[in-house]
Amino acid sequence: MAKQTIKQGLKQTQKQRLTPLQLLIGQMIEKPIDQLQEYVSHQLIDNPALEASPGEESAWETTPVPGSERDQTSDDYPLPAIPVQTQGPRQDPSDSLSFYDQLKEQMRQTELDDRQRHIMEYLIGSLDTDGLLRKSSETICDEMDIYHNFESTPEEVDKVLALLQDFDPPGIGAQSLQQCLMLQVKRRKEGRMKDMLSSIIGSHFDDLLKNHWDKLQRSLHLTDEEKEEVRAEVRKLNPKPGSSLGEAIGRSKQQVTPDFIVETNEEGDITFTLNRGRLPQLEVSETYMEIINSMKNLSRKDKEALPLLKKDMEGAKMLIEALQQRQLTLAKTMSAIIKRQKKFFLDGDEADLLPMTLKDVAADTGLDISTISRVTNEKYAETPWGIFRLRFFFNDRYDNDGDEVSTRKIKSLLKEIIDKEDKRHPLTDMQLEEEIKKKGFNTKRRTIVKYREQMNIPKSSLRKQ
């Protein structure tokens, strides 16, 4: 039997640690304007060294786009700018409860310790607009460690995530579509219908996605009537619980607050405005600084409060600098996006979006790719053609015999062909390949199938009418 021995030794490892200012800048960059406004409001209350300047600040800062037809300096664009309203009047975040506000309200009604509350807030902030969490627990742990200097374990995250998944609406916080639907089924009353839905989603999910109801009927021994009943119940399940949560507070209210307004003119110039919401111009309190200066002449005992006062003042200065860096970083990133996707911003044709990745924008701006990722996460731009998530402007490359085109262009063309097909005789994937090649794109059938499935377009036999 082999002997087990225990050895003790020292090992030197190198781990990158961000400074408090870098951590704060990262947090400010990641927050969309409505969350940023809430955060600053709390800071004004908590930190006596921080105060809002008396001057009224413009909600919009205009920024020219380098490389436009008329490359001008910021002095050529007076403040405040008057943004073009293309989607009706913008609602101020304080006028309605946002998707995240409603979840945080439920969080406040849940018994959590300080660590769980910190994790819960990060999980809520990491949800996408559908209400799903498209990150692993390990990734959440890494992000909190790097950007918030908060160490946790996947087990801790999973435990808090389970609590989040009990929030309303059902399905919120799921890490996959299958889990999202299953969470909704678990809240149904016990009975045969619940058992059938659980079986379909849990054991026959691929057949459900492919709409193979005849196969599901045979597997579950369902009558024709039962099959239609189950099918109707499946359609009641919501694959995007976050969207329903937004609708719950009233359809008349605007749920998306754009972080950018992009404007164009007939000369081909493009400018954008950066939304400040109701963020005031912040400054360090002069009164607070006078108090600190006066304490230098006090006795040693009276100076015991000096470190705390200095900490407040340094915190105020750091927040002001972090917000300035946020504005610069967002402006630099949006400029790079518009410069690469200029044609789309001028004509609004989705097929004109060029291949562009986070790495491309990082190279253009000189910023780290993780910074670009945080800038483009859950932020929106209002354009003359509608309001879009920043991630909408990114798409992969497709090599068309040496010429790079965007995958979105191929998908747009594929959808156009399918929309115009004879629904009595839908085109097969092989026929779609031939049609795409007639348009000048050498796209293989397996690629056609992949793009068709990504767009949730069924195969030809299921499209027949």
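The values are calculated or read from the model by the stated rules, or taken from the named source; none is laboratory data. Model, not experiment: these values are computed from the prediction. When we count neighbours, we look across all protein chains shown, and the Cβ atoms used for this are built from the backbone with ideal geometry, even at glycine. Side chains included, ligands, DNA and RNA excluded: accessible areas come from the protein's heavy atoms. Shrake-Rupley method; radii C 1.70, N 1.55, O 1.52, S 1.80 Å.
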Virtual spin-label span in nm between residue 429 and residue 52, 7 Å along Cα→Cβ = 5.8 nm
inquiry  = Please report the accessible area of residue 352 (heavy atoms, 1.4 Å probe, ligands and nucleic acids excluded) in Å², nearest 10.
reply    = 30 Å²
inquiry  = If R₀ is 60 angstrom, what is the calculated FRET efficiency for the pair residue 209 and residue 283, using the beta carbon separation as r and rounding to 0.05?
reply    = 0.60
inquiry  = Less than 19 Å from a label point 7 Å out along the Cα-to-Cβ axis of residue 266: which backbone N atoms in region 332-362 qualify, by residue?
reply    = 346-348
inquiry  = Taking the solvent-accessible surface of protein heavy atoms with a 1.4 Å probe, what is the per residue accessible area of region 322-387 in Å²?
reply    = 38 Å²
query = Which entries of 186/210; 411/439; 411/438; 409/437 show an alpha-carbon separation above 21 angstrom in the structure shown?
reply = 186/210
inquiry  = Could you report the accessible area of residue 380 in Å², rounded to 10, computed with a 1.4 Å probe on the protein chains as they sit in the structure?
reply    = 40 Å²
message = Could you sort 233, 350, 190 by their accessible area in this structure, using a 1.4 Å probe and putting the largest first?
response = 190, 350, 233
query = To the nearest 10 square angstrom, how much accessible area does residue 261 have with a 1.4 angstrom probe?
reply = 0 Å²
query = Separation between the residue 223 and residue 293 pseudo-spin-labels, each 7 Å from Cα along Cα→Cβ, expressed in nm?
reply = 8.9 nm
request  = Over region 405-465, with every protein chain in place, what whole percent of the accessible area is carbon and sulfur at 1.4 Å, could you tell me?
outcome  = 46 percent
inquiry  = Which GluC sites (Glu not before Pro) in region 108-184 sit in a loop by DSSP (not H, G, I, E or B) and have at most 16 other Cβ atoms within 10 Å of their own Cβ?
reply    = 111, 151
